[in-house]
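> Take a look at the following structure, please.
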Amino acid sequence: MIIRLAVARVAEFLSAASPVVLQSGVPSSYKSPSHDVLLQTAIEAGQAAGALLRRYAGTGFLIEYKTPINLVTDADRAAEQCVIDHLKTRFPDHHVLAEEGGRIDKGQSPYRWIIDPLDGTTNFAHGYPAYCVSIGLEYEGRCILGVVFDPTRNDLFTAFEHRGAHLNGRPIHVTETQTLDSSLLVTGFAYDIRETKRNNLDHFAKFALKVQGLRRTGSAALDLCYVAAGRFDGFWEVRLNPWDMAAGSVIAREAGGRLTDFNGNDLSIYGQELVASNGHIHEAMLTVLNEAPSET
Ligand code: IPD
Ligand code: CA
Ligand code: CA
């Protein structure tokens, strides 16, 4: 009995003095917030930032030019601050990767929020109502949560790993479309479209002749959510950033979608290439994306 007590005391002392460290570098004593708290906080942050964007859209905003076609507005910055304030109030130790402000990584946490405060900036700047707030969450490098809020339609897309995807609380699922011929696809173009030959125009031309319809909406996060909701059958793009894909990729995957790079490898949000589909047309999409470039 005495020996057992002594052993317990030593264990207690050791754990207080030097917490066991997991492979990720995070102490084993780390207490994870519940899934519901994570999701609810992200929803509140997305809706607050979305309301802010609507106010800016109504009252006016300042535009700055990163390049002649790559804009940023004070609405982008205000929305980003709003999201970060919400998240940091509840989870002060979590890491953040945000489009406008970059990385805020202090201390050790297995969580990292990945934020695009305004996906669809060009649409927003022109008053074209197709933009959203996108908030994804990584746990030990794996995307586990996605919240995308479109404040112009009040569309709230949410997903948590293994718990399905929802639009305004109702479950959503990808389509059953079996062929490219009967598919509605979507794509996008990066801001360096004028500077690089790998600008997606060749893929665009090829798909245009093979599908029922092809769209370019100007918001990659919404494009992923629309695949999830069965509004599109597939989406591809090159040169995307992690904040364009983090939230939407969880939502599309949880809705039953398949997500890869152009070679069919599992998607990495740091890998720039994205193919998202209902699964049935995925191989056909990869075949088109891997055809030799046209001779023009
Ligand atoms: C852009 C949009 C667009 C995609 C671009 C992105 P932003 O993000 O998602 O649809 O084609 O590649 O950069 O600048 O509006 O946040
Ligand atoms: Ca974006
Ligand atoms: Ca953005």
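> Within the stretch 134-142, can one find any residue that is in the same structural domain as ALA45 (by TED's automatic domain parsing) and over 24 Å from SER32 (Cα atoms)?
Within the stretch 134-142, the subset in the same structural domain as ALA45 (by TED's automatic domain parsing) is 134-142.
Subset that is over 24 Å from SER32 (Cα atoms): none.
Among the residues of the stretch 134-142, not one is in the same structural domain as ALA45 (by TED's automatic domain parsing) and over 24 Å from SER32 (Cα atoms), which makes the answer no.
> Filter the stretch 89-98 down to residues that are in contact (Cβ under 8 Å) with a residue 12 or more places away in the chain and closer than 15 Å to GLN40 by Cα, then give me how many there are. I'd like the intermediate steps shown before the answer.
Kept after step one, since they are in contact (Cβ under 8 Å) with a residue 12 or more places away in the chain, are these residues of the stretch 89-98: 90-91, 93-98.
Of the ones still in play, those that are also closer than 15 Å to GLN40 by Cα are 90-91.
Selection size over the stretch 89-98: 2.
> Here's something else I'd like to know. Conditions first: (1) closer than 26 Å to THR121 by Cα; (2) over 20 Å from the mean Cα position of the chain (by Cα). LYS206 passes all but one, so which condition is the exception?
If we test LYS206 against (1) closer than 26 Å to THR121 by Cα; (2) over 20 Å from the mean Cα position of the chain (by Cα), just (1) comes out false.
> If I ask for residues that are charged (D, E, K, R) and over 18 Å from GLY169 (Cβ atoms), which ones from the stretch 34-64 would you list? Before you say what the answer is, go through the steps one by one.
In the first step, residues of the stretch 34-64 are kept if they are charged (D, E, K, R); the result is 36, 44, 54-55, 64.
Those that are charged (D, E, K, R) and over 18 Å from GLY169 (Cβ atoms): ARG54, ARG55, GLU64.
> Taking the stated definitions as given, is ALA190 among the small types (Gly, Ala, Ser) and assigned to a helix (DSSP H, G or I)? Spell out the reasoning first.
Details: among the small types (Gly, Ala, Ser): yes; assigned to a helix (DSSP H, G or I): no.
No.
> So if I check each of TYR191, TYR226, which one is modelled with pLDDT under 95 and either within 14 Å of ligand 1 (Cβ to nearest atom) or surrounded by fewer than 21 Cβ atoms within 10 Å (Cβ to Cβ) (or both)?
On the way: TYR226 fails: modelled with pLDDT under 95.
Matching residue, one of TYR191, TYR226: TYR191.
> Among ALA205, ALA190, ALA255, which is the only one that is out of contact with any Pro (no Cβ under 9 Å at 6 or more places or on another chain) and either within 21 Å of CYS143 (Cα to Cα) or within 16 Å of ligand 3 (Cβ to nearest atom) (or both)?
Going through ALA205, ALA190, ALA255 in turn, the sole match is ALA190.
Condition check ((1) in contact (Cβ under 8 Å) with a residue 12 or more places away in the chain; (2) surrounded by 14 or more Cβ atoms within 10 Å (Cβ to Cβ)) across all residues:
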residue	(1), (2)
SER134	yes, yes
GLY146	yes, yes
ALA159	yes, yes
ASN168	yes, no
LYS197	no, no
ALA208	no, no
GLY213	yes, no
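> Right, something else. Take the residues in the stretch 87-127 that are surrounded by fewer than 14 Cβ atoms within 10 Å (Cβ to Cβ) and of a type in the set (Lys, Arg); name whichever of them is nearest to ligand 1 (Cβ to nearest atom).
To start, the set of residues in the stretch 87-127 that are surrounded by fewer than 14 Cβ atoms within 10 Å (Cβ to Cβ) comprises 89, 92-93, 102-103, 105-107, 126-127.
Now narrow it down to the ones that are of a type in the set (Lys, Arg): 103, 106.
Working: ARG103: 17, LYS106: 25 Å.
Ranking the candidates gives ARG103 first.
> Would you say ALA78 is within 14 Å of ligand 3 (Cβ to nearest atom), touching a residue at least 12 places away in the same chain (Cβ under 8 Å) and within 14 Å of GLN47 (Cα to Cα)?
Numbers: within 14 Å of ligand 3 (Cβ to nearest atom): yes; touching a residue at least 12 places away in the same chain (Cβ under 8 Å): yes; within 14 Å of GLN47 (Cα to Cα): yes.
Yes, satisfied.
> Taking PHE204, is it more than 15 Å from LEU167 (Cβ to Cβ), within 13 Å of ligand 1 (Cβ to nearest atom) and open to solvent by 20 Å² or more (accessible area, probe 1.4 Å)?
On the way: more than 15 Å from LEU167 (Cβ to Cβ): yes; within 13 Å of ligand 1 (Cβ to nearest atom): yes; open to solvent by 20 Å² or more (accessible area, probe 1.4 Å): yes.
In short, yes.
> Moving to a separate point now. Can you find, within the stretch 246-272, the residue that is farthest from ligand 2 (Cβ to nearest atom) among those that are crowded, with 19+ Cβ neighbours inside 10 Å and without any contact (Cβ under 8 Å) to a residue 40 or more places away in the chain?
As a first pass, look at the stretch 246-272 and keep what is crowded, with 19+ Cβ neighbours inside 10 Å: 246-255, 257-260, 267, 269.
Narrowing further to those that are without any contact (Cβ under 8 Å) to a residue 40 or more places away in the chain: 258-260, 267.
Working: ARG258: 22, LEU259: 17, THR260: 20, LEU267: 16 Å.
Filtering the stretch 246-272 for residues that are crowded, with 19+ Cβ neighbours inside 10 Å and without any contact (Cβ under 8 Å) to a residue 40 or more places away in the chain, the one farthest from ligand 2 (Cβ to nearest atom) comes out as ARG258.
> May I pose another question? What tally of residues in the stretch 65-77 results from selecting those that are closer than 17 Å to ASP192 by Cα and in contact with a Ser or Thr (Cβ under 7 Å, 6 or more places away or on another chain)? I'd like the intermediate steps shown before the answer.
Here is the first cut: in the stretch 65-77, the residues closer than 17 Å to ASP192 by Cα are 65-72.
Okay, now just the ones that are also in contact with a Ser or Thr (Cβ under 7 Å, 6 or more places away or on another chain), so 71-72.
The qualifying residues number 2.
> Find all pairs meeting these conditions: Cβ atoms under 8 angstrom apart; at least six residues apart or on different chains; first residue within the stretch 99-111 and in a loop (DSSP other than H, G, I, E, B); second residue polar (S, T, N, Q) and within 16 Å of ligand 2 (Cβ to nearest atom).
Cβ pairs passing all conditions: GLU99/ASN241.
> Applying the selection to the stretch 84-135, what residues are more than 10 Å from ligand 3 (Cβ to nearest atom) and among the acidic types (Asp, Glu)?
Pass one, the stretch 84-135, residues more than 10 Å from ligand 3 (Cβ to nearest atom): 84-97, 101-114, 123, 125-130, 135.
Result: ASP85, ASP93, ASP105.
> May I pose another question? Among the candidates HIS126, HIS162, HIS86, HIS94, which residue alone is closer than 20 Å to ASP223 by Cα and modelled with pLDDT of 95 or more?
Working: HIS162 fails: closer than 20 Å to ASP223 by Cα; HIS86 fails: closer than 20 Å to ASP223 by Cα; HIS94 fails: closer than 20 Å to ASP223 by Cα.
Result: HIS126 is the single residue among HIS126, HIS162, HIS86, HIS94 that is closer than 20 Å to ASP223 by Cα and modelled with pLDDT of 95 or more.
The values are calculated or read from the model by the stated rules, or taken from the named source; none is laboratory data. This one's a predicted model, so the numbers in the text were calculated from it and none came from an experiment. Methodologically, a virtual Cβ is constructed for each residue, glycine included, from the backbone with ideal geometry; neighbour enumeration extends over all protein chains shown. Note: areas computed on protein heavy atoms with side chains; ligands, DNA, RNA excluded. Shrake-Rupley method; radii C 1.70, N 1.55, O 1.52, S 1.80 Å.
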